[in-house]
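The structure under discussion appears below in the form of structure tokens.
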Amino acid sequence: MAKSTIEKVPLLALRGRVVFPDTAPSFDIGRLVSLNAVRYASDGDTYLFVVAQKDAEKEQIVPDDLYSVGVVCKLRQVTRLPGNTVRIFVEGLFRATAVRVEEVEGCMLADIERLETVHSDDRLEEAYFRTSKDMVHEICQTEARISKNAASELELCSDPDQLVNIAGHYLRISVEQKQTLLECSRLIERLKMLDTILNDELEIVRLERKINAMVRQNIDKNQKEYYLREQLKAIHTELGDDEDEKTELERKIKERHMPAEVEEKALKELSRMSKMQTSSPDYNVLRVYIDWLLDLPWAETTEDTKDLKDAVKVLNDDHYGLEKIKERITEYLAVLQLTGGMNAPILCFVGPPGVGKTSIASSIARALGRKFVRMSLGGVKDESEIRGHRKTYVGALPGRIIAGIKTAGTSNPVFLLDEIDKLSSDMRGDPASALLEVLDPAQNSTFRDRYLEVPYDLSKVLFITTANGLDTVPAPLLDRMEVIELNGYTQEEKREIAKRYLVDKRREANGVKKEQLTVTDDAIDEIINGYTLEAGVRNLERNIDAICRKAAVKLASGGVENITVNAGLVSEMLGARRYDRDNFIASDEVGAATGLAWTAVGGTTLTIEVSAMHGKGDILLTGKLGDVMKESARAAISYIRANSQTYGIDSSTFETTDIHIHVPEGATPKDGPSAGITMATAILSAFTGKPVKSSVAMTGEITLRGKVLPIGGLKEKALAAYRVGVKDVIIPADNKKDLEEIPENIREKLHFIPVTDVDAVFKSAIIGI
Ligand code: ADP
């Protein structure tokens, strides 16, 4: 039978796709050769010969790049897309094979011959067709493998040849497989091929199903387990034998020897907790609460050192000097031993920073063999910081007292409340009153923290407090305490402390051995004079630390075995001097006098400047002076006015002169009556034009009648005068008794002038009065 050839059918080459008869696919085309073919077809009888490319990657094609068997399609629709592409919809009609392909004006044209399907054994074909349909049916049950459209088309198909075509179109098989399927003409072969493909597909489908089932089974198993566990828990709770957590906690609670009330509370909360879901937030709150009760030291105490001598030795070992304080502490420890701590007063160490308040307190703990905890009260505004938050608050915790006790791990630690003078209060309650309860022996055996809810016995705790000054300590608190004052150190004391303690301490902290670093006395003096201006030794220690650090670096980087730091090396290591000793009035001046003041950071000198100028009798006070200081300035002026004739001043002068009193440094607030005589001296000097001796410093309160009243803090003031190099110090006669507090070597170097009235001050201080 001669085959009829159809000539010059425009050829469309497809990449990675095979078109089958009985399908209606669409595809986007963009290659010029393809666009030309479509145009050629549109212009003619709209038939296209569609064939697959052997190599899908190839852009430029020649006839050899194409399979020879393809499908003749009817072009149904052409849609232009953005860019140079078009989408075409075709209908696959019949299979054909190209006998010749030529390229004419950029378009491939093929002469083709139709390929007919060859039937053989009808029954075998029917048998294959049926099994294939069954398999298709099963595959279609799994939506994921095949689209709904395809599934229904396949299910509805009643012709074996068609089935092969449609399946070939939809199944996920390779281009080569598709092409083989397309090329084969014998139906039975095609059906056999389809059978193999469907079998593979079915295998995959079954595997997928199995995997899915396994995953689901796993999830189901987890859910089942969870459910069973929950049930088990419920059964245990019902039977009262929750083995795990509850029993363990119950045992722990009973072992802790808590006071009966506390144990009862703990067990009650535990039973509430064990009825809750472990995942609920309330469960967690109770769990944390019970842990707190378990962690607090209820029965744990340390035994106090029996031998007082040992205790005293510890105090001496840790600190230089401070004889009076050590003596007082020894007495205190003796009483503590005899009374067992009942009603012992609470010690309050008062003094400038860095004089050893904190370290004495920790020494007391060491001397007694007790644990030491420290809590800074600086900036504590809120009562709940001391007493805690109710546990119903989110994230509630006990206050700092209970937290401190937990840290200590014993119920009788030495508990240092630092900076009690820095407590403040606001609308969130008064921390001072909460503290009062903590410190009051009548109440503190049943201290109630809001979080704990049960009382905690603080009566065995040894509380010690510290403050820089007492002015801001609430009076009821002050009432409960025994104040022990620590004064600033003299240069010599500082040097000794540095030599005996600080250098060793810092050297060790920085990992430097004794033989590797020596700091000479000169160097220490240089640090004290040039790099610190303080009553205590805190900055001294800091600077020594800096030196040790630098030395450690030098030693570590090799080259040197040991370092000796002398005065010269200090400036090399610490930079230029920060302070110079000549910050007091250098020469005798009119209208300027040196006063001595006591501040929270120790004694200091205070220059008072007065200027008298033409005006109408106004008084101007500047330099951040407090009320008391302003009043003593006015008292001084009034006294001089009242006695103007004695000093040769015309009384009318006061009406035509404005007085300006200024106390540098202007930004630091100053108060107190002890600058009275200094202001009077500077004012009189300004009015008389007679200079004040620069070698004199003074302190004393003035009355309207010119009497000089005693002042406080003489030791600190004397140290300050000594530090700046003053020779004569005018003091109130009533303060003579305090002179013995001043270290002997300093007392010898200063000339103290005790006075009872301000006239004597003027005579000693103003030249020519
Ligand atoms: P404060 O609590 O009064 O501000 P610190 O107790 O913190 O002072 O003391 C600062 C440092 O100075 C500490 O390292 C301390 O050991 C040391 N120090 C203070 N006074 C003495 C002293 N008399 N002997 C030995 N070291 C001292």
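Only the coordinates and a few stated rules stand behind these numbers; no lab work does. Only a predicted model underlies this, so the values are computations on that prediction, with no experimental measurement involved. Please note: Cβ atoms are built from the backbone with ideal geometry, for glycine as well, and neighbour counts cover all protein chains shown.
What to note about this one:
- In a simple Cβ point-charge model (Lys, Arg +1; Asp, Glu -1; nothing else charged), region 341-410 has a dipole of about 220 debye relative to its Cα centre.
- Computed label-point distance, nm, for sites Glu113 and Met276 using a 7 Å Cα→Cβ extension: 8.9
- Nearest-0.05 FRET efficiency for Lys616 and Thr301, computed from C-beta distance (R0 56 Å): 0.15
- Over all other residues within a Cβ to Cβ distance under 13 Å of Lys707, the charged ones net out to -3, with Lys and Arg as +1 and Asp and Glu as -1.
- Amide H contacts of Thr599 (H built 1.01 Å from N, in plane; Pro and chain starts excluded): Thr604 sit under 5 Å, all sequence-distant by 5 or more or on other chains.
- For region 138-233, with +1 on Lys and Arg beta carbons and -1 on Asp and Glu, the positive-most of Leu194, Ala151, Tyr226 along the dipole: Tyr226
- Most positive-pole-ward Cα, Gly768, Ile711, Val755, against dipole of region 682-769 from beta carbon charges: Gly768
- Local electrostatic count, Pro455, Cβ distance below 10 Å [Lys/Arg +1, Asp/Glu -1]: -3
- Cross-link pairs Lys309/Lys550; Lys693/Lys736; Lys381/Lys406; Lys494/Lys690; Lys221/Lys265 - those with Cα-Cα distance over 31 Å: Lys309/Lys550; Lys494/Lys690; Lys221/Lys265
- Charges were assigned to the Cβ only: +1 to each Lys and Arg, -1 to each Asp and Glu. The resulting dipole of the chain about its Cα centre is roughly 1220 debye.
- Those GluC sites (Glu not before Pro) in region 278-350 that DSSP places in a loop and that have at most 16 other beta carbons within 10 Å: Glu300, Glu303
- Counted over the chain, the DSSP beta bridges are approximately 55% antiparallel.
- Whole-Hz couplings from phi, Karplus 6.51/-1.76/1.60, listed for region 232-239; x for Gly and Pro: 4, 4, 4, 5, 4, 4, 4, 7
- Förster-model FRET efficiency, 30 Å R0, Tyr579 and Thr703, C-beta, rounded to 0.05: 0.25
- Close amide-amide hydrogen proximity is noted between Glu300 and Ser411, each under 5 Å apart and 5 or more residues distant or on a separate chain (H modeled in the peptide plane; Pro and chain starts excluded).
- Computed from point charges on the beta carbon alone (+1 for Lys and Arg, -1 for Asp and Glu), the dipole magnitude for region 601-686 about its Cα centre is near 100 Debye.
- Helix axis angle, 32-43 relative to the chain longest principal axis, alpha carbon, degrees: 50
- Look at Leu540, Leu606 and count the other Cβ atoms within 10 Å of each Cβ; fewest to most, that gives Leu540, Leu606.
- Extension gain for Glu126-Glu665 works out to 182.6 nm (0.36 nm per residue, less the C-alpha to C-alpha distance).
- Order of Asp304, Asp282 under a 10 Å beta carbon neighbour criterion, fewest first: Asp282, Asp304
- Ranking His119, Gly672, Ala686 by Cα position along the charge dipole of the chain, where only Lys, Arg, Asp and Glu carry charges on their C-beta atoms, puts Ala686 farthest toward the positive end.
- Anisotropy class of region 57-124 from Cα gyration tensor, a/c 1.5 cut: oblate
- Each residue of region 460-468 was assigned a 3J(HN,Hα) from its phi angle through the Karplus curve 6.51 cos²θ - 1.76 cosθ + 1.60 (θ = phi - 60°); the sequence is 8, 6, 9, 8, 10, 10, 9, 7, 7 Hz, with glycine and proline shown as x.
- With the simple model of a label 7 Å out from the Cα in the direction of the Cβ, Arg206 to Thr85 spans 4.0 nm.
- Partners for Lys313 among lysines (Cα-Cα distance below 16 Å; same-chain residues under 8 apart left out): Lys324, Lys326
- 9 Å beta-carbon shell around Ile6, net charge (K/R +1, D/E -1): -1
- Computed FRET value (nearest 0.05) for Arg542 with Thr446, which takes r as the C-beta separation and R₀ as 45 Å: 0.55
- Tensor-based shape of region 95-177 (alpha-carbon gyration tensor, a/c under 1.5 rounded, otherwise prolate or oblate): oblate
- Ascending count of other beta-carbon atoms within 10 Å, so fewest first, for Arg17, Arg190, Arg123: Arg123, Arg17, Arg190
- Within straight-line cross-link reach of Lys624, lysines at Cα separation under 17 Å, skipping those fewer than 8 residues along the same chain: Lys670
- Amide H contacts of Val755 (H built 1.01 Å from N, in plane; Pro and chain starts excluded): Ile731, Ala733 sit under 5 Å, all sequence-distant by 5 or more or on other chains.
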